Amino acid sequence: MNTNENTRYDVIHEKGSVPIKLWTRGVPLEDEARRQLQNIAKLPFVHRWIAVMPDVHLGKGATVGSVVPTLGAIVPAAVGVDIGCGMIAVRTTLTASDLPDQLGPLRAAIEQAVPHGRTVGRGVRDKGAWANPPAASLQAWERLHEGFDRIVAKHPKLERSNHLSHLGTLGTGNHFVEVCLDEEQRVWFMLHSGSRGVGNAIGSHFIELAKQDMRRWMINLPDQDLAYLPEGSENYADYVFAVDWAQKFARDNREIMMRHVVDAARKIIDKPFEAQAEAVNCHHNYVNREHHFGKDVLVTRKGAVSARKGELGIIPGSMGAKSFIVRGLGNADSFHSCSHGAGRVMSRTEAKKRISLEEHVRATAHVECRKDADVVDESPAAYKPIDAVMAAQSDLVEIVHTLRQVVCVKG
């Protein structure tokens, strides 16, 4: 690895590969993630280099925390199956003193307003989906269904996915809704989710189609999950349309949930308030057409956020840690990107083995949240220290607000 004191990043550059620029000083980088990045760097259509964010960790198909610009092809697994996953945050006119002394009822109201989690079983209604979608979901679906019908006309198996029933729902895993306080004790609402079941179905479907194309064309890859769709092919055009549609679904999904969170809070908090100031809605698993270093390229950010100069973004810490509203510095070397969070240091399986329930309870003592064994894989110890992650990317973003959680709803 090459280190230059004049830059904030290090470089890996192997023969036959594009360079890998890593903003990982002071944070761990797994050997498995490094190997995965080196495989991506061997792809012949990567533009200039790969940028790696400080929350980097091993991902399915492609590395989480990577920014991959491509010319003439796209890798569906580099976008992933949680298409359009991202964050939304709004600052309210409330302050900490306006919140109730006991935050349990506020958490319960949010949990009731936003379907979350998942119920599995034949004939059992999924608690994480709508039985009867509300007006906001129906209105959004009116805008979305025409595009979905176009996708399904060519890929009919996707019709069976959860779409309307998931529009305005949270999901599972690391998806969350939080009530936070900033450095001036102002109240923020923040949540994290994506395109839910329909995005997962679209991502999985096109990953498999790309693998089929590679086998048919007898193209050998360093990892079959890096199967790609070349520009000009039918599957490429279909995927670009479908992934763009899923990203619109994800954005609408977050906006609907935020509306319901605010409405739920108004039922618990006596003081009237507004919740519009400094609203931010940003993807961090997505692909976007952009211009970099003289070329129009497709930039795939898997666990990374756009950080153009002056652009606001959100970098959440782990459950019980700090989060940040940031402003992009427009660093060209990172393709105007920053991290999407803290980044895992333990897999979910490892976290459940290593983190005790008692440790989780201590780490989240200041937060009104779940304190049960089913969420220890989301405990702060499973993630990198957010302060170290922020220090490693001080040339990518500047901190605008520092938030601390007081309420957390997990999927």
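Annotations
- Seen from every direction in turn and averaged, the convex hull around the alpha carbons of segment 197-271 projects onto 6.9 nm².
- Percentage of interatomic Cα-Cα distances in segment 236-335 larger than 21 Å: 50
- Overall Cα dimensions of segment 136-204, principal axis frame, Å, largest first: 52, 26, 15
- Computed over the chain: relative contact order in percent, which uses C-alpha pairs under 8 Å that are six or more apart: 23
- Accessible area per residue for the chain is 42 Å², calculated with a 1.4 Å probe on protein heavy atoms, without ligands, DNA or RNA.
- Sequence-distant aspartates and glutamates (8 or more away, or on other chains) whose Cα lies within less than 17 Å of residue 353: 372, 374, 377, 378
- For residue 211, the aspartates and glutamates whose Cα falls under 12 Å of its own Cα, not counting residues fewer than eight places away in the same chain, are 223, 225.
- The apolar share of the surface of segment 195-235, taken as the fraction of accessible area on carbon and sulfur atoms (1.4 Å probe, ligands and nucleic acids excluded), comes to 46 percent.
- Debye log10 I(q)/I(0) at q = 0.12 Å⁻¹ for the chain, Cα point scatterers: -0.96
- Take every DSSP beta bridge whose two residues both sit in segment 1-78; close to 75 percent of them are antiparallel.
- Cross-link pairs exceeding 27 Å between alpha carbons, from the set 15/309; 21/410; 60/352; 302/384: 15/309; 21/410.
- For segment 1-92, the pair-distance distribution built from all alpha carbon pairs, in bins 5 Å wide starting at 0, is 3, 13, 23, 24, 18, 10, 6, 3, 1, 0, 0 percent.
- Only aspartates and glutamates eight or more places from residue 371 in sequence, or on another chain, were considered; those with a Cα closer than 13 Å are 358, 359.
- Normalised by the number of residues in segment 161-315, the mean separation of alpha-carbon contacts (under 8 Å, six or more apart) gives a relative contact order of 20 percent.
- Cα convex hull, segment 54-93: 116 Å³ per residue, rounded to a whole number.
- Helical contribution to [θ] at 222 nm, DSSP H n ≥ 4, -39,500 (n - 2.57), averaged over the chain, rounded to 500: -9500 deg cm²/dmol
- Of the GluC sites (Glu not before Pro) found in segment 179-249, those that fall in a DSSP loop while having at most 12 other beta-carbon atoms within 10 Å are 183, 184.
- Radius, Kirkwood style, for segment 160-244 when every pair of distinct Cα atoms is counted (Å): 15.8
- Cα-based Kirkwood hydrodynamic radius, segment 346-411, one decimal, Å: 13.3
- Share of alpha-carbon pairs per 5 Å distance bin for segment 165-208, given as whole %: 5, 19, 19, 17, 14, 10, 7, 5, 3, 1
- Considering only alpha-carbon pairs that sit under 8 angstrom and 6 or more positions apart, the relative contact order computed for segment 268-411 is 25 percent.
- Checking Cβ-Cβ separations below 4.7 Å across the chain identifies 85, 180, 282, 338 as cysteines lacking any candidate disulfide partner.
The values are calculated or read from the model by the stated rules, or taken from the named source; none is laboratory data. Keep in mind that this is a model prediction, so the values were computed, not measured. Using ideal geometry, Cβ is built from the backbone for each residue, glycine included, and neighbour counts are taken over all protein chains shown. In case anyone asks, the SASA skips ligands and DNA or RNA and just uses the protein heavy atoms, side chains included. Shrake-Rupley method; radii C 1.70, N 1.55, O 1.52, S 1.80 Å.
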